[in-house]
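Reading through the structure tokens given below for one structure.
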Amino acid sequence: MTKLLFSVLFLLVLMVGCVGQSGEEQAVSDTVRRYNRLLAEGYSRMAMEPLLEVASKEEFSRVNHHMAALRDARLRLESRLVKLEFTGVTIKNPRTARAITRESWDFVQIETASGKDSLRARNVVHLLSYDLKKEGDVWRVQRVNPLEGHK
């Protein structure tokens, strides 16, 4: 019952957050949402390959490098996106776009050998810029950059 209620609430939030966006703007927003979900899953599973569904090879490589550094340090990252706000979605031309977000995340860094938390952070706010490129009919995240005012 709780899962069903959560699913319904999630869909309502998505629908309310998408009012007023064009089809392409909505596709860009959906890509950023999927990127964030796959990113969190990738860190948790220590496997980033599914991120290639929505990220360029360069962006995948950048994130995969960070995950490998965590693995080398014998750490695993569990993260949960608490809140995602789109402050702007701009279609620059038919093939490129930019999304600006304000995101709040919870993080737990876990020592893989002991399973103990080595670091815990709640409601960490990131102001981010996502550059996207359309490849065929699919939007892909090319690069994610922190913006001034990053908290």
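The values are calculated or read from the model by the stated rules, or taken from the named source; none is laboratory data. Note that the coordinates shown come from a computational prediction; the quantities given were computed from them, not determined experimentally. Reconstructed Cβ throughout: ideal geometry from the backbone, glycine too, with neighbour counts over all protein chains shown. These area figures cover heavy atoms from the full protein model, side chains too; ligands, DNA and RNA do not enter into them. Shrake-Rupley method; radii C 1.70, N 1.55, O 1.52, S 1.80 Å.
Would you list Lys116, Lys134, Lys57, Lys83 from the most to the least accessible area, probe 1.4 Å? Could you put the intermediate results ahead of the total?
Values: Lys116 135, Lys134 35, Lys57 155, Lys83 110 Å².
Most to least solvent-accessible, the answer reads Lys57, Lys116, Lys83, Lys134.
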Which net charge results for the neighbourhood of Arg143, defined as the other residues with beta-carbon distances under 13 angstrom from its beta-carbon, given Lys and Arg at +1 and Asp and Glu at -1? +2
Over 21 Å (Cα to Cα) among Lys92/Lys133; Lys83/Lys134; Lys83/Lys133; Lys57/Lys116 -> Lys83/Lys134; Lys83/Lys133; Lys57/Lys116
Net charge within 9 Å of Gln109 by Cβ-Cβ distance, Lys/Arg positive one each and Asp/Glu negative one each, not counting Gln109 itself? -1
How long are the semi-axes of the ellipsoid equivalent to the range 69-126, from square roots of 5 times the Cα gyration tensor eigenvalues, in whole Å, largest first? 33, 15, 6
